[in-house]
Structures are given as C-alpha cells and as structure tokens.
1. Select from 94, 109, 52 the residue whose mean-square fluctuation is largest in a Gaussian network model of the chain (Cα-Cα springs shorter than 10 Å).
2. At a Förster radius of 22 Å, what calculated FRET efficiency corresponds to the Cβ-Cβ distance of residue 33 and residue 139, to the nearest 0.05?
3. List 108, 200 from most exposed to least, where exposure is judged by having the fewest other Cβ atoms within 10 Å.
4. Where the only charges are on Cβ atoms (+1 Lys, Arg; -1 Asp, Glu), what is the dipole of segment 11-130 about its Cα centre, to the nearest 20 debye?
5. Would you mind computing, in nm to one decimal, how far apart the modelled labels at residue 44 and residue 25 are, each placed 7 Å from Cα along Cα→Cβ?
6. Considering only 65, 80, 136, give the residue with the highest GNM mean-square fluctuation for the chain, with springs between Cα atoms whenever their separation is below 10 Å.
7. Please report the Cα spread of segment 34-119 along all three principal axes, rounded to whole Å, starting with the longest.
8. In segment 85-99, which residues have a backbone nitrogen under 19 Å from the label point lying 7 Å from residue 127's Cα in the Cα-to-Cβ direction?
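Derivation of every value follows stated rules applied to the coordinates shown; laboratory data play no part. Since the model is a prediction, treat every value here as computed from it, not as a measurement. A quick note on method: Cβ atoms are made from the backbone with ideal geometry, for glycine too, and the neighbour counts reach across all protein chains shown.
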Amino acid sequence: MPNSESSIIRDLSESGARLRTEFFEANLDLISEVSKTIAVRLVQGGKVLFCGNGGSAADCQHLAAEFVSRFQMERPPLPALALTTDTSVLTALGNDYGFEEIFSRQVKGLGGEGDVVIGISTSGRSANVIRALETAGEIGAYRIGLTGSRSGDIVEHSEAVFPVPSETTALIQEVHIALGHAICRMVDYYLFEAVDELQKEL
C-alpha cells in the first residue's frame, strides 16, 4: 500500500483513539452519574427515548436496541425507543407540523415525567432535537445531550451534556457510540451488579 494511503488510514485511526481517550478521561464521573440516573428512572417505571438526525439517528436505533435486547449480559429487556424509526409518524408530523416538530410531538405523546430523553446532535444546533429536549423539560423528563465541541443550544436544554472536543463529524460520532456503549454497560452495572448502591438513590 502506498505511504499516502496508509497515512490517511493511520491518521484517522490515531485521531479517533486520541479523541476517545481524552473524552472518557474528562467525563468518567459524569458518565457514572448519568448512568445511575437512568437506572433509577428505569426502576421507577420510566423509559429512555432517543432522537437525532442522519448518522445520529442510526446511533439512536443502535442504542435503543442495546437496551431492549441486551448489551453484554443476559438480563431482562429495558424500555427504550428511538423516535427515528416510524416513517408514518415522522412524515405525518413533518407534513402537518414541520420538520422541527418530528421529535417533540413524539416526546409529548409518548414521554412522561419519569422518562429520560437523549438528544444527539454533532453540531448541537439541530432544531428538532432542541425542540424535543425543550418538550422533555416541560413534562419533567431527565434530559441528556450528546454533541461536539461547538455545543450550541443543546447545552441550555439538557441536565447533562457530553460535548466531544472535535469539529469533525465522523470522529464525534465515533465517540458518541462509544459513550452510548459505556452508558449501556454502566446502567446494567447499577441495575444488576451494584443493586445495594442503586437502592441508596431510590
């Protein structure tokens, strides 16, 4: 393989690895805190709702599947829903209310006070994700924002925000899915391995 081609691949790999390490070292405590909050909400009868666009929509579906199916351990299914999958709902809402409302109307109709709403936007400025988080705040749901270094309005509408320190969309998305996996692992930990610790929060 020519040096230029191998350099491109190596640079992408090394950049992603450095960014992931930097991000996780900076957010260890927040990841644990957020995961514990999600576990508490699930025990109390809540569910997790995900929303995002494009590649982030795919991440929503991926992570919802990890909750409903399983992550690494055998355990009961956990209630989670990607608000990105029902084309009839999405097109009806887009047609009748506009693209900015495709997630917020679902949050209002399907969400409740004990739920968790996770909005994913690499720019932090996706209007439909922001509206979903605004609506989640109105109904009393716990709001988590995943974004990039620019953060944007998502910060103002989330109780917990995870800004990845990069402006490269592909690298931000790599870290977002790794973060999602870490949250899945820690939610399982609190629900099924550290039960005594979780009981203190109930």
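1. Highest fluctuation of the listed residues: 109.
2. Efficiency, from the Cβ-Cβ distance: 0.50.
3. Working: 108 14, 200 9.
In increasing order of surrounding Cβ atoms, one gets 200, 108.
4. Rounded to the nearest 20 debye, it is 280 debye.
5. Label-label distance for residue 44 and residue 25, simple model: 3.5 nm.
6. 65
7. Rounded to whole Å, the extents work out to 40, 26, 20 Å.
8. Within reach of a label on residue 127, which here means backbone N under 19 Å from a point 7 Å along Cα→Cβ, segment 85-99 contributes 90-99.
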